[in-house]
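Structure, as structure tokens:
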Amino acid sequence: MISRRNLLQSAPVAAAGALALSACGGSSSGSGGEGSADSPLTWMALLHTPTTPEPSGPVQTRLTESLGQKFEIQWVPDASKEEKMNAALASGSVADVTSISNLSNSSIRSGVTSGLFWDVEPFLGEFENLKNIDPKIIEAARLDGTLYGVPFQKILARYGVLVRQDWLDALGLEVPHTIEDLGEVAKAFAAGDPTGTGATVTGFIDREESFKVGFRSLAGYFGAGETFQLDEAAGKIIPACTSDAWKEAMEWYQGVYAAGGVNQEFITTQKQNQQQAIAQDKGGIVVTGLFEAKNYVALANDINPDSGVEWTLINDLTYGDVPRRIISDTGGGMGGLFSISTQSVKTEDDLRRVLAFADGLMTEEVHNLMTNGVEGVHYEIDADGAVNTLDQALWEQEVQPYSSSRLAENAFTYKSSDPYVNLANEMMAESAEYAITNPVQSMNSETFNTEWATIEQGLNDAYNKFMMGAATMGDYEAAIESARGQGLDDIISEYTEAYEQFNG
């Protein structure tokens, strides 16, 4: 048997077989359930792979059987998703179901809230799986108080800190569980000789998105929020990067950087270069998804099969008297919306049939098909109950495209033959209890839509200068003051007003 962590109960798709919907922009057969039960459901879904699977292939054939509903997927390559989505929303020519991501994009957000899609929240309680969606994710998925689709549910908090265990052992150091100790380990890696080769190494390997990714996660341990946070003393919503906790984290991180504990050229280091530097023993600490440990071992072994690389995964870092916490790196566990058209799905009965289809996507059988494929064709279960892929290329062609369309990627966990994978899954599930999310993610600020990208870039530049020792904290604070006149104060005012409206 496959070892699974069952977070959602399985449920039959009782009504799905009766679904009668036309294709996007189709005939009157899509109105009020008047068409035949054989009419396929159309689904505009995102594609994250180079090629599309055959509709008649083994996975979609089994999915159709399991769900009791024929469906046609209109694949949209991830690289062109915003262009395609904006065009569809602007013309109103959406499929019966549309997978919508990047809801922070103002034009996409405007299209979603224009009346093209059903408010599904009043109906979720009628379905065994949909009614059990985490309330945190429901909250993160609402747009100005309305749920315009079933949320794609992701792990709430995947991030942590990976530290080279073999380097800790070489220097006689303990695994750090506080920010203070983590900083000392980074400095010790830089000052010592953890590789035993005399080569110059550092602690953290960071990259150019430090302000938005790596450092952002570290600042969360100090008490900074996820993009925005409630400043209780001032009674306002403020950007996390303007908080006292964020500035305190900057002072700490700059101290580690100055001591050689962070790669000195991080502001020009791209993600691929970061990964290669880690694989090449240039640094021993990375702030990333806990699931990346397996990949970093593989990269190192590709370079040297006898690398002896060992990582320790840390998900419980704390700082001072700040309670344990971790910034959500997945938008509060919300990966987008499975939105249902009001144009072709015209009655509540038809809506319920599509929601039955969505409920079926969250059952164990369907989740397994979209994750692992067909047993004996794409995977097998070994003597230890672990899932092993039989043909990686075949899995990538026939299964992987569907994996990004799973409604709840964390509904079921499969035992792996790789202990790093199993440990990461366990830790990420544990971290959900401590996840910090953006309190205004579901709310609208017109000024944020038009000005935030410019404001954030200015603060990012000021952060980089501070880290490099080319500016002071006073300079960073001056950048914040300058941004106030560029729309920052309006963003704070608009989000505060929206927050009070929905939490009053």
Response to the item:
Short to long, in 10 Å steps from zero, the percent of alpha-carbon pairs of the range 422-504 per bin is 16, 30, 27, 23, 4
Worksheet, complete the sentence: Check: C-alpha center the range 376-415 vs C-alpha center the range 191-249, spacing in Å is 34 Å
Worksheet item: Under 5 Å between amide H atoms, partner at least 5 residues away or on a different chain: which partners does Asp329 have, H built in plane at 1.01 Å?
Response: Arg158, Tyr159
Item to complete: Round to the nearest 10 and give me the degree value, 0 to 90, for the angle of helix 446-467's Cα axis relative to the longest principal axis of the chain.
Response: 30 degrees
Worksheet item: Thinking of the range 429-470 as a set of Cα atoms, what percent of all their pairs are more than 11 Å apart?
Response: 75 percent
Discussion item. Please give me the summed charge of the neighbours of Arg207: other residues whose Cβ is under 15 Å from its Cβ, Lys and Arg +1, Asp and Glu -1.
Written reply: -2
Item to complete: Find out how many positive minus negative residues lie around Tyr319, taking Lys and Arg as positive, Asp and Glu as negative, among other residues whose Cβ is under 15 Å from that of Tyr319.
Response: -4
Discussion item. Tell me the accessible surface of Lys212 in square angstrom (1.4 angstrom probe, heavy atoms of protein chains only), to the nearest ten.
Written reply: 90 Å²
Worksheet entry | With every protein chain in place, the chain: carbon and sulfur % of accessible area (1.4 Å) | 46 percent
Worksheet entry | Probe 1.4 Å, all protein chains present, accessible-area order of Ile492, Ile436, largest first | Ile436, Ile492
Discussion item. Placing one identical point scatterer on every Cα of the range 100-165 and ignoring solvent, what is log10 I(q)/I(0) from the Debye formula at q = 0.14, 0.15, 0.17, 0.19 Å⁻¹?
Written reply: -0.50, -0.56, -0.67, -0.79
Worksheet item: Relative to the first principal axis of the alpha-carbon coordinates of the chain, what is the inclination of helix 179-191, with its axis defined by its Cα atoms, in degrees from 0 to 90 and to the nearest 10?
Response: 60 degrees
Worksheet entry | Order of exposure, largest accessible area first, which applies to Arg216, Arg109 with probe 1.4 Å | Arg216, Arg109
Discussion item. Taking 37 °C and 0.692 mPa s as the conditions, I'd like the Stokes-Einstein D for the range 226-296 in µm²/s, using the Kirkwood hydrodynamic radius from alpha carbon pairs.
Written reply: 224 µm²/s
Fill in: Cα extents of the chain along the three principal axes, largest first (Å)
73, 60, 35
Worksheet item: Can you list residues whose amide H is under 5 Å from Thr342's amide H, if they're 5+ apart or on another chain and H is modeled 1.01 Å from N?
Response: Phe117, Trp118
Worksheet item: Dividing the convex hull volume of the Cα atoms of the range 44-166 by its residue count, what figure in Å³ per residue is obtained?
Response: 192 Å³
Worksheet, complete the sentence: The alpha-carbon center of the range 114-170 and that of the range 428-497 are separated, in whole Å, by 23 Å
Item to complete: Compute the acute angle (0 to 90°) between the alpha-carbon long axis of helix 244-258 and the principal axis of greatest extent of the alpha-carbon atoms of the chain; round to the nearest 10°.
Response: 50 degrees
Response to the item:
For the range 385-472, using Cα atoms only, the Rg and Dmax in Å read 20.9, 55
Item to complete: Give, in whole angstrom and from largest to smallest, the semi-axes √(5λ) of the equivalent ellipsoid of the range 323-432, with λ running over the eigenvalues of the Cα gyration tensor.
Response: 29, 22, 12
Worksheet entry | Convex hull volume per residue for the range 346-504, taking Cα atoms only, in Å³ | 237 Å³
Fill in: Cα radius of gyration and Dmax for the range 248-397 (Å)
22.4, 65
Worksheet item: How large is the accessible surface per residue of the range 242-390, computed with a 1.4 Å probe and reported in Å² as a whole number?
Response: 38 Å²
Practice prompt. Provide the per residue accessible area, probe 1.4 Å, for the range 408-500, rounded to a whole number of square angstrom.
Written response: 45 Å²
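The values are calculated or read from the model by the stated rules, or taken from the named source; none is laboratory data. If you're wondering where the values come from, they're calculated on a predicted model, not measured in any experiment. Virtual Cβ from ideal backbone geometry, glycine too; neighbours counted across all protein chains shown. Accessible surface is based on the protein model in full, side chains and every heavy atom, while ligands, DNA and RNA are left aside. Shrake-Rupley method; radii C 1.70, N 1.55, O 1.52, S 1.80 Å.
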